[in-house]
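Trainee: Here you go, one structure.
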Amino acid sequence: MAEVSKNQVEKALDAVIYPGSGQSIVALGMVSEIFIADAKAYFSITVPSDRASEMEPLRLAAERAAKGVDGIAGAVVALTADRKPGQEQPPRPAAAAGRPAAQPRSAKVGVPGVGAIIAVASGKGGVGKSTTAVNLALGLQALGLKVGMLDADIYGPSLPRLLKISGRPQQQEDRIILPMENYGLKVMSMGFLVDEEAAMIWRGPMVQSALMQMLREVAWGELDVLVLDMPPGTGDAQLTIAQQVPLAGAVIVSTPQDLALIDARKGITMFRKVEVPLLGVIENMSYFIAPDTGARYDIFGHGGAKAEAERIGVPFLGEVPLTISIREMSDAGTPVVAAEPDGAQAAIYRDIAEKVWARIGAGERKAAPKIVFE
């Protein structure tokens with residue numbers, strides 16, 4: 001199959017006319033950067049926020065146009081109402097005489113069939129957040145709960161490898177994606193849609209659209225809890241989730257040393273500003289027990305995350321040691337809670353899961369706060 005260029009897809013999209021304007025979505029600057037991987041085209045269309053609910057036919061027309069390009073087997077097209085400062089929105093046709101303009105609909109709240117949604121986040125990378133998120137999800141499952149996971153790290157998805165899942169998800173006739181599954185967890189990740197080595201060079205609005213599509217256009221079924229493995233930091237993905245999803249709470253993962261705690265504080269501050277309940281802090285890589293001598297080493301210091309949690313009034317959920325077995329099993333795609341359910345490490349994660357679930361039950365879930373991007 002011949003390699004397809006972005007220009008070919010853009011040329012096809014130039015035939016898609018924005019309703020009431022007489023101009024194409026390309027001419028109006030509504031199409032994001034186009035990304036092509038595995039014979040699929042990925043892009044978003046920026047539309048006025050008060051017309052987003054009317055734009056599904058436009059999205060479908062763009063999808064058909066992209067799929068009509070020789071060499072394109074599929075297209076993932078999302079709508080976004082976000083805009084950059086100073087960017088003009090596409091023109092609106094005047095309302096029909098005597099008919100008031102349509103009022104914007106309220107944002108969709110929650111995910112059908114999903115009870116509670118929690119975010120597992122960290123202020124910086126390299127603290128073992130994804131490994132913690134996977135074992136936390138399996139710990140919640142060990143409590144008898146139906147659990148799913150969404151890999152919200154668009155740029156660096158980890159769940160396919162950590163959960164030993166490969167292949168492409170199937171799509172139903174209504175365009176709803178069927179999640180992948182292993183260890184009893186239902187899972188969705190951008191890593192299932194593109195090659196592992198593909199570079200996702202996407203701007204903020206495209207990331208936001210992809211996140212919402214993976215969250216809301218997936219057949220999750222009935223879940224007690226959906227665990228979101230967030231990307232590190234406090235950027236577009238975190239703000240999008242906070243804006244669009246009624247989170248039951250967030251779990252912050254940090255290592256004990258000061259450098260990691262500085263960034264963890266930023267994550268805690270961000271979630272507080274957007275009124276997301278903090279379920280607690282986990283100190284990962286808390287200490288190391290030498291397998292040959294049994295001697296304990298505090299490689300990254302010890303107790304820093306616990307002390308910080310106490311200082312700012314956030315629950316401390318527990319300490320997870322740095323062990324060779326956790327690292328080896330994570331690399332092999334066999335999480336320790338699934339591989340050694342009766343082991344000491346699995347017991348730590350199950351204890352943390354119990355505390356998280358108790359906090360979810362004790363807290364009052366709030367509607368998603370309104371965050372306006374200007």
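Trainee: Would you point out the residue of the range 212-249, among those that are in a helix (DSSP H, G or I) and without any contact (Cβ under 8 Å) to a residue 60 or more places away in the chain, that is surrounded by the fewest Cβ atoms within 10 Å (Cβ to Cβ)? Walk me through it before giving the result.
Mentor: The first filter runs over the range 212-249 and keeps only residues in a helix (DSSP H, G or I), leaving 212-216, 236-244.
Going one step further and asking which of them are without any contact (Cβ under 8 Å) to a residue 60 or more places away in the chain, we end up with 236, 240.
Numbers: 236: 20, 240: 24.
So, considering only residues that are in a helix (DSSP H, G or I) and without any contact (Cβ under 8 Å) to a residue 60 or more places away in the chain, the one surrounded by the fewest Cβ atoms within 10 Å (Cβ to Cβ) is 236.
Trainee: Working only within the range 53-74, note down all residues that are of a type in the set (A, V, I, L, M), part of a helix (DSSP H, G or I) and either in contact with a strand residue (DSSP E or B) (Cβ under 6 Å, 6 or more places away or on another chain) or under 26 Å from residue 192 (Cα atoms) (or both).
Mentor: Residues of the range 53-74 of a type in the set (A, V, I, L, M): 55, 58, 60-62, 65-66, 69, 72-73.
Now restrict to residues that are part of a helix (DSSP H, G or I): 58, 60-62, 65-66.
60, 61, 62, 65, 66, listed by residue number.
Trainee: Can I ask one more? Can you name every residue in the range 356-374 that is at pLDDT 90 or above and more than 23 Å from the chain's Cα centre (by Cα)?
Mentor: Correct list: 358 only.
Trainee: Scanning for something open to solvent by 40 Å² or more (accessible area, probe 1.4 Å) and on the phi > 0 side of the Ramachandran plot, does the range 350-362 turn up at least one residue?
Mentor: Start the filter on the range 350-362 by keeping residues that are open to solvent by 40 Å² or more (accessible area, probe 1.4 Å), which leaves 350-351, 354-355, 357-359, 361-362.
From what is left, the residues that are on the phi > 0 side of the Ramachandran plot are none.
Checking the range 350-362: not a single residue is open to solvent by 40 Å² or more (accessible area, probe 1.4 Å) and on the phi > 0 side of the Ramachandran plot.
Trainee: Please go through the range 303-329 and give me each residue that is at pLDDT 90 or above and more than 20 Å from residue 355 (Cα to Cα), ordered by number.
Mentor: 329
Trainee: Residue by residue through the range 160-206, note down the ones that are at pLDDT 75 or above, open to solvent by less than 30 Å² (accessible area, probe 1.4 Å), among the β-branched types (Val, Ile, Thr) and not in a strand (DSSP E or B).
Mentor: 165, the sole residue that qualifies.
Trainee: Sticking with this structure for a sec: What's the number of the only condition in (1) of a type outside the set (Lys, Arg); (2) within 15 Å of the chain's Cα centre (by Cα); (3) surrounded by 20 or more Cβ atoms within 10 Å (Cβ to Cβ) that residue 155 fails to meet?
Mentor: Just one mismatch for residue 155, condition (3).
Trainee: So, one more: Give me a count of the residues in the range 241-265 that are more than 19 Å from the chain's Cα centre (by Cα) and modelled with pLDDT under 80.
Mentor: Residues in the range 241-265 being more than 19 Å from the chain's Cα centre (by Cα) and modelled with pLDDT under 80: 8 in total.
Trainee: Does the range 116-159 hold any residues that are in a loop (DSSP other than H, G, I, E, B) and closer than 16 Å to residue 284 by Cα, and which are they?
Mentor: So the first thing to find is which residues in the range 116-159 are in a loop (DSSP other than H, G, I, E, B), and the list is 122-128, 143-146, 152-158.
Answer for the range 116-159, where residues must be in a loop (DSSP other than H, G, I, E, B) and closer than 16 Å to residue 284 by Cα: 122, 123, 124, 125, 126, 127, 128.
Trainee: Which ones in the range 1-40 are under 16 Å from residue 206 (Cα atoms), surrounded by fewer than 17 Cβ atoms within 10 Å (Cβ to Cβ) and at pLDDT below 85?
Mentor: If the condition is that a residue be under 16 Å from residue 206 (Cα atoms), surrounded by fewer than 17 Cβ atoms within 10 Å (Cβ to Cβ) and at pLDDT below 85, then 33, 37 are the ones that fit.
The values are calculated or read from the model by the stated rules, or taken from the named source; none is laboratory data. What you are looking at is a predicted structure, and each value in this text was computed from that prediction instead of being measured. Methodologically, a virtual Cβ is constructed for each residue, glycine included, from the backbone with ideal geometry; neighbour enumeration extends over all protein chains shown. Only protein heavy atoms, including side chains, enter the accessible area calculation; ligands, DNA and RNA are left aside. Shrake-Rupley method; radii C 1.70, N 1.55, O 1.52, S 1.80 Å.
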